[in-house]
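Just below is one structure, and these are the notes that go with it.
The values are calculated or read from the model by the stated rules, or taken from the named source; none is laboratory data. Note that the structure is predicted; figures quoted are calculated from it, not measured. Virtual Cβ from ideal backbone geometry, glycine too; neighbours counted across all protein chains shown.
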Amino acid sequence: MNNTDATAKTVDHLFRRQAGKMVAVLSHLFGLDHLQLVEDVVQDSFIRALQTWKLHGLPNNPEAWLLQTAKHKAIDLLRKQQLHKRYTQEDWIEKIDTADTFFHEQEIADSQLRMIFACCHPALKAEDQIALTLQIVSGFSVSEIARALLSNEAVIQKRIFRAKKFLRDNQVILEIPSGKELQQRLDTVCTVLYVLFNEGYHSLKAEELIRHDLCAEAMRCCKLLTEHPLIREYSAQALLALMCLHAARFDSRMDNSNDIILLEAQDRSLWDKELIRVGFYYLNLSASGKHISAYHIEAAIASEHMIAETFSKTNWDRLLDLYDMLLQVKPSPVILLNRAVVLAQLQQTEAAIASILSIPNIDTLIRTQAIYSAVLGDLYKRLSNTVKAREYLINARSLTPSLAEKKLFQQRLDALPAQNN
Amino acid sequence: MASFMFLFRGGLDPQTASPEEMQQNMHKWMSWVDDLKKKGVYKAGEALLPSGKSLHKNQVVTDGPYAESKEMIGGFFIVEAADIDAAISMAADCPDLVLGGSVEVRDVMVF
């Protein structure tokens with residue numbers, strides 16, 4: 001590895017990470033109503049960094065350099081512009097004097113949290129919360145968000161515009177909620193991060209790198225939540241555990257030719273041991289709480305898979321119990337489907353099929369989502385019902401937008417015994 | 001060996017580029033400069049900010065050159081090469097070319 005590679009490694013995503021931090025800190029300093037100005041200042045600082053560093057190399061502490069540059073630019077603006085209309089002369093001199101305290105490490109973390117709470121404001125639509133969080137907290141550009149969420153730039157632009165307008169119009173302030181409100185707001189934040197993570201983890205259509213980045217961002221934000229002394233909330237810890245345990249398998253789910261490798265066939269030695277360790281650490285922490293959230297149960301399910309030496313040694317009885325618990329907290333078709341898969345592993349294939357077919361609105365689900373037919377196809381194959389297996393697998397193949405999945409379903413179709421007609 | 005000047009125009013649009021794109025562009029430039037330095041041909045280089053003043057007859061100072069951003073000189077290198085063709089082949093690795101930027105290669109006059 002030459003020097004440049006080494007530098008490239010150490011500052012992986014530095015700009016993006018730093019963008020979120022800088023916007024958060026400066027918005028705290030100037031107020032959320034000056035978000036546009038703040039974003040301009042931050043962009044400017046990056047332009048300056050790019051121009052200097054590309055020829056002269058990185059400074060000793062690039063993060064500090066960027067923050068300092070942004071801070072000076074911001075203070076210049078405070079001095080020059082009529083920004084301080086709402087402040088008296090003394091007010092803004094004091095503001096400049098205290099600006100330094102905004103750049104302390106704990107304060108930076110707090111600012112990012114405040115920003116996360118603002119972006120995940122409960123009055124915003126879910127899709128707007130996600131787009132806004134990715135842009136402001138995570139430093140993604142509109143086109144990067146569009147690629148990550150498989151949408152187009154105009155749509156994302158609109159969502160962000162709408163969300164920012166809401167924050168402005170309603171004079172949303174940057175704060176970490178407290179008391180009863182904290183719990184509610186935290187639930188929304190956790191949901192947004194959960195969706196964000198799943199977008200990255202499950203979407204097989206988007207390119208690999210950006211999906212990875214989505215998961216990493218969801219985990220970074222979640223870690224901020226769990227680390228804050230005022231929040232330290234068990235469901236956030238459980239959510240982080242869940243993310244770590246899933247992320248540990250990220251790279252073992254595809255082979256070099258981008259073919260899907262199912263859990264059954266994954267090389268367990270490829271699972272990221274460090275992430276598993278961290279996942280269990282947070283899972284244990286989260287267990288101290290009285291309340292059991294859906295995240296707790298989902299993390300427990302993930303952990304069962306992680307501790308099984310081989311697929312066949314998985315504790316399916318325990319998983320069935322966990323799915324039953326999960327259904328109590330969060331009844332949903334996908335969970336019913338997963339529970340049926342566990343039933344099939346317990347040699348109750350017919351019961352599994354019956355339970356899938358009794359999911360509410362199953363006809364529509366089968367017509368619109370590949371996963372139901374994929375599972376049903378496999379289950380009928382186990383029962384040697386080739387005709388039904390073929391029918392469902394063909395349906396799954398036609399419904400999935402993912403090439404990798406199409407290939408997988410085709411392989412299963414090919415593996416079916418030939419029809420005698 | 002003769003000296004040549006590279007004048008850079010256009011390239012990544014910093015107003016719309018994302019932090020990630022800027023960082024990737026920076027890394028490409030760093031490894032290009034690194035490469036030229038290893039070959040011992042890189043003599044100097046600076047980036048130029050877009051703002052500036054122009055001085056005219058009778059001490060008249062005006063703002064900017066106000067060129068279109070893609071025509072604005074964004075920076076320069078001084079490199080050593082056997083001849084202009086060698087210099088041009090060096091410039092071919094400039095990371096901004098694929099982004100629509102250009103490199104003007106000029107002979108530095110020897111007295």
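Restricting the search to helices (runs of 4 or more DSSP H) fully inside the stretch A:311-421 and requiring at least 1 residues that are over 25 Å from A:N258 (Cα atoms) gives A:316-329, A:333-345, A:349-357, A:362-368, A:370-382, A:386-399. Filtering the stretch B:70-88 to residues that are part of a helix (DSSP H, G or I) and either surrounded by 11 or more Cβ atoms within 10 Å (Cβ to Cβ) or within 14 Å of another protein chain (Cβ to nearest Cβ) (or both) leaves B:I84, B:A86, B:A87, B:I88. Answer with yes or no whether B:D107 is closer than 30 Å to A:D213 by Cα, modelled with pLDDT of 90 or more, more than 9 Å from chain A (Cβ to nearest Cβ) and touching a Ser or Thr at 6+ places or on another chain (Cβ under 9 Å). The answer is no for B:D107. Of the strands (runs of 3 or more DSSP E) lying entirely inside the stretch B:1-69, the ones with 2 or more residues being within 12 Å of another protein chain (Cβ to nearest Cβ) are found at B:2-9, B:42-47.
Number of residues in the stretch A:1-31 that are part of a helix (DSSP H, G or I), at pLDDT 80 or above, under 24 Å from the mean Cα position of the chain (by Cα) and not charged (D, E, K, R): the value is 10. For the stretch A:235-255, the tally of residues that are surrounded by fewer than 24 Cβ atoms within 10 Å (Cβ to Cβ) and over 20 Å from A:I210 (Cα atoms) stands at 1. Scanning the stretch B:92-107 for residues that are part of a loop (DSSP other than H, G, I, E, B) and exposed (fewer than 15 other Cβ atoms within 10 Å of the Cβ) returns B:A92, B:D93, B:G100.
The conditions of being over 28 Å from A:V142 (Cβ atoms), touching a Pro at 6+ places or on another chain (Cβ under 8 Å) and surrounded by fewer than 16 Cβ atoms within 10 Å (Cβ to Cβ) are not met by B:G40.
Scan the stretch B:7-26 and give yes if some residue there is hydrophobic (A, V, I, L, M, F, W, C) and over 20 Å from A:R48 (Cβ atoms), otherwise no. Yes, the stretch B:7-26 contains a residue that is hydrophobic (A, V, I, L, M, F, W, C) and over 20 Å from A:R48 (Cβ atoms).
Among the residues of the stretch A:129-145, those that are more than 10 Å from every other protein chain (Cβ to nearest Cβ) and more than 13 Å from the chain's Cα centre (by Cα) comprise A:L132, A:I136. Flag not set for B:A91, criterion: more than 9 Å from every other protein chain (Cβ to nearest Cβ) and over 11 Å from the mean Cα position of the chain (by Cα).
Selection over the stretch A:47-77 of residues that are farther than 23 Å from A:Q106 by Cα, hydrophobic (A, V, I, L, M, F, W, C) and assigned to a helix (DSSP H, G or I) gives a count of 6. Scanning the stretch A:43-57 for residues that are among the small types (G, A, S), surrounded by 22 or more Cβ atoms within 10 Å (Cβ to Cβ) and facing chain B (nearest Cβ under 8 Å) gives a single hit, A:A49.
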